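Written out below as structure tokens is the structure these notes cover.
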Amino acid sequence: MKDLKETLLSKKGFVHNQYLDKYCSLVERHTNTGVAHKVTNSHHIIPKAWFKLNNVPIDNSECNLVNLPYREHALAHYYLCLCTTNELQYANELAFICLISRKKLNYSDKHLITHLPLYKNIYESYTRRTK
């Protein structure tokens with residue numbers, strides 16, 4: 001986890017806190033998770049938004065991709081909302097809101113995610129900026 005955390009912290013927009021640790025742990029737990037049709041999503045470990053915001057080509061290499069079950073994919077972006085700043089945080093808020101709006105999450109997953117401690121803050125922050 002140390003290498004992933006150090007890599008992310010070397011990038012503009014990431015901050016060291018408990019959510020970065022949770023994000024790194026989630027990603028590392030799924031490094032060997034294979035593609036499962038209608039069960040997993042491919043997730044960019046260093047988010048696509050970071051590359052776009054820094055005018056750098058998106059890294060679609062295998063070392064920057066991990067397959068995450070739908071619920072964990074939403075959780076990954078929840079954690080990213082809470083360990084990033086400024087435009088990168090806004091982009092992750094959008095990704096998080098889009099992911100939890102998908103029909104791929106079953107009711108119990110949506111219920112768990114919308115009851116995360118800071119869900120309301122993220123949702124309100126996102127909706128304020130889109131008005």
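Quick notes on this one:
- Only one entry in H44, H30 is within 15 Å of the chain's Cα centre (by Cα) and without any contact (Cβ under 8 Å) to a residue 40 or more places away in the chain, namely H44.
- Restricting attention to the stretch 72-81 and to residues that are aliphatic (A, V, I, L, M) and modelled with pLDDT under 95, the residue that is least open to solvent (accessible area, probe 1.4 Å) turns out to be A74.
- Screening K5 on (1) assigned to a loop (DSSP other than H, G, I, E, B); (2) basic (K, R); (3) touching a helix residue (DSSP H, G or I) at 6+ places or on another chain (Cβ under 6 Å) shows it passes everything except condition (1).
- Index of the failed condition, C98 passing every other in (1) closer than 22 Å to F51 by Cα; (2) in contact (Cβ under 8 Å) with a residue 40 or more places away in the chain: (2)
- L65 fulfils the conditions (1) in contact with a helix residue (DSSP H, G or I) (Cβ under 8 Å, 6 or more places away or on another chain); (2) of a type in the set (A, V, I, L, M); (3) open to solvent by 40 Å² or more (accessible area, probe 1.4 Å) except for a single criterion, (1).
- Options N92, N54: the member that is touching a Lys or Arg at 6+ places or on another chain (Cβ under 8 Å) and within 24 Å of R129 (Cα to Cα): N54
- Single match in E72, E93 (criterion: acidic (D, E) and touching a Ser or Thr at 6+ places or on another chain (Cβ under 7 Å)): E93
- Only one of N55, N41, N60 that is surrounded by 16 or more Cβ atoms within 10 Å (Cβ to Cβ) and either part of a loop (DSSP other than H, G, I, E, B) or out of contact with any Asp or Glu (no Cβ under 8 Å at 6 or more places or on another chain) (or both): N41
- Residue in the stretch 27-37 that is of a type in the set (K, R) and either surrounded by 14 or more Cβ atoms within 10 Å (Cβ to Cβ) or outside any helix (DSSP H, G or I) (or both) present: no
The values are calculated or read from the model by the stated rules, or taken from the named source; none is laboratory data. Since this is a predicted model, take the numbers as computed values, not measurements. So basically every Cβ, Gly included, is an ideal-geometry build from the backbone, and we count neighbours across all protein chains shown. Side chains included, ligands, DNA and RNA excluded: accessible areas come from the protein's heavy atoms. Shrake-Rupley method; radii C 1.70, N 1.55, O 1.52, S 1.80 Å.
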